[in-house]
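The values are calculated or read from the model by the stated rules, or taken from the named source; none is laboratory data. Remember, it's a predicted structure, so these values are computed and weren't measured experimentally. Virtual Cβ from ideal backbone geometry, glycine too; neighbours counted across all protein chains shown.
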Amino acid sequence: MSDQIVTNYPFTGEVLQKYALATDEVIQTSLKKAEEAFLSWKNRDIVDRTDLLLKLAELLHQNKEQYANLITQEMGKPYKESLSEIEKCIWLVDFYEQNAEELLADELIETEAQESFISYDPIGCVLAIMPWNYPFWQVFRFAVPTLTAGNTAILKHANNVTGCGLAIQSLFEAAGYPLGCFQTLLISHDQVATIIENDSIKAVSLTGSEKAGRAIAQIAGKNLKKTVLELGGNNACIVLADADLDTYIETIVKARMQNSGQSCIAAKRFIVVDEIYETFLEKFKEKVAEIKFGEPLDPETEIGTLARVDLAEEVQRQVDESVAKGATVVVGNKRDKAFFEPTIITDVSSGMPIFDEEVFGPVAAIIKAKDSNHAFELASDSSFGLGTMLFTEDIETAREQIGRIEDGAFFINEMVKSDPRLPFGGTKASGYGRELSREGILEFVNKKTVYIK
């Protein structure tokens, strides 16, 4: 096992930085620091904590170009998308600054008691294991509600965005958060289990693959520690015969191609009824052809490389195996190191990797359904349950399908996306628990019953 982390710019492969992994001594010191910080932080008035959010938002705004540049260099996201990611973090911070006090207020319950209520108390230090695809947003949507609820946090970020992880710690400290409130630890996967087992860690939040989720849940479960798991997705985008393609085709294509297709909530299976299948395919191809590839740091670039060469190689495997089983490449399927060309594939069916698995790259599987009922059957044929999107002009009939969708989200005439005001999470192999909104800030609290007679 290497004792260091090396970050690279995916577009050129150049080395950006080298970092030493934390020693066991450093890890123990950090855990102790988090525990000590919690003892005072949990007693801080909620107004004090939300005041720090104001400063946090201010610093994000002042330095957004710097942070966007760092995101793009470390994981290859087009610069304008990196900038949007920082702006979304500001929106999140503003939401909790304005609403946290109300969300965490005691909930009065009428009983025979003189007074009875639910108190939402922080639980301690929470370990976050976060991915590289949205290196600021994923961390902020965990950290802001978790810290605002009175907990402390330790971050194990993806190795290829180590610079982002360290920058986020510096950002919280610059905003005035006490030392030990938020720490980024540079640790290996082998060291994660030891940290979860430590008494200082009270819960774990993971955003990552299904495989990683199962491994972390097993360790946490053995130690009776709560987990929130936001895992992979294989989202269906159902397009019915009455869909307004001229209005929504840009949204539909963006739902697959944004962040170079590296999003758990991206539309990955486009299930289109036979009546408009050919029309949809042509419009989809036209929009994909307009996407501008280039240097990720160029503000005009719309799609860049994938974050690592091995990720592009995995997408290639999924495409090749699907083609071997009968799928047809209509557009794309060219790879150069970490770059994977936007790709459209038809003749896709269950049993192929691009139907069954999460494809983390700009590959769109276009699937023909006989009718609307068949379309919903195909959409439900998945081990994942993160989100489904439906495009139709018949909203009332669409409402009738809400209960038919088992996923954590059902978006009608819009791409599935996260929003600070709404809970976010999945079902089945997409994990459990919720982030964002009221549900997110109450995930890592002790819901304490208080009864006064």
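Tabulated data
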| quantity | calculated |
| --- | --- |
| Hey, ALA203 modelled with pLDDT of 95 or more and surrounded by fewer than 21 Cβ atoms within 10 Å (Cβ to Cβ) or not | no |
| Yes/no for PHE140 being in contact with an Asp or Glu (Cβ under 7 Å, 6 or more places away or on another chain) and touching a residue at least 24 places away in the same chain (Cβ under 8 Å) | no |
| Condition met for ILE154 (within 30 Å of TYR9 (Cα to Cα), touching a strand residue (DSSP E or B) at 6+ places or on another chain (Cβ under 6 Å) and either free of Cβ contacts under 8 Å to residues at least 12 places away in the same chain or buried (at least 21 other Cβ atoms within 10 Å of the Cβ) (or both)) | yes |
| Helices (runs of 4 or more DSSP H) contained entirely in the range 362-453, each with at least 1 residues that are under 22 Å from the mean Cα position of the chain (by Cα), assigned by TED's automatic domain parsing to the domain that holds GLU275 and in contact (Cβ under 8 Å) with a residue 40 or more places away in the chain | 372-380 |
| Set VAL139, VAL239: member being over 30 Å from SER372 (Cα atoms) and buried (at least 24 other Cβ atoms within 10 Å of the Cβ) | VAL139 |
| Selection within the range 28-71 - crowded, with 17+ Cβ neighbours inside 10 Å, aliphatic (A, V, I, L, M) and out of contact with any Gly (no Cβ under 7 Å at 6 or more places or on another chain) | LEU31, LEU53, LEU56, ALA57, LEU59, LEU60, ALA68, ILE71 |
| Qualifying positions in the range 330-361 - within 13 Å of PHE293 (Cβ to Cβ) and part of a loop (DSSP other than H, G, I, E, B) | GLY332, LYS334, ALA338, GLU341, PRO342 |
| Positions within the range 325-353 being without any contact (Cβ under 8 Å) to a residue 60 or more places away in the chain and β-branched (Val, Ile, Thr), in sequence order | THR328, VAL329, VAL330, VAL331, THR343, ILE345 |
| Cβ pairs under 6 Å, 6+ apart, first in the range 308-324 and among the hydroxyl-bearing types (Ser, Thr, Tyr), second surrounded by 14 or more Cβ atoms within 10 Å (Cβ to Cβ) | SER322/MET352; SER322/PRO353; SER322/ILE354 |
| Those residues of the range 397-414 which are under 17 Å from PHE384 (Cα atoms) and touching a helix residue (DSSP H, G or I) at 6+ places or on another chain (Cβ under 8 Å), in sequence order | ARG404, ILE405, GLU406, PHE410 |
| Residues that are touching a residue at least 60 places away in the same chain (Cβ under 8 Å) and of a type in the set (Val, Ile, Thr), drawn from the range 217-252 | THR227, VAL228, ILE238, VAL239, THR251, ILE252 |
| LEU297 being assigned to a loop (DSSP other than H, G, I, E, B), surrounded by 17 or more Cβ atoms within 10 Å (Cβ to Cβ) and at pLDDT 95 or above | yes |
| Residue under evaluation GLY232, criteria (1) in contact with a helix residue (DSSP H, G or I) (Cβ under 6 Å, 6 or more places away or on another chain); (2) closer than 23 Å to PHE340 by Cβ; (3) modelled with pLDDT of 95 or more, criterion not met | (3) |
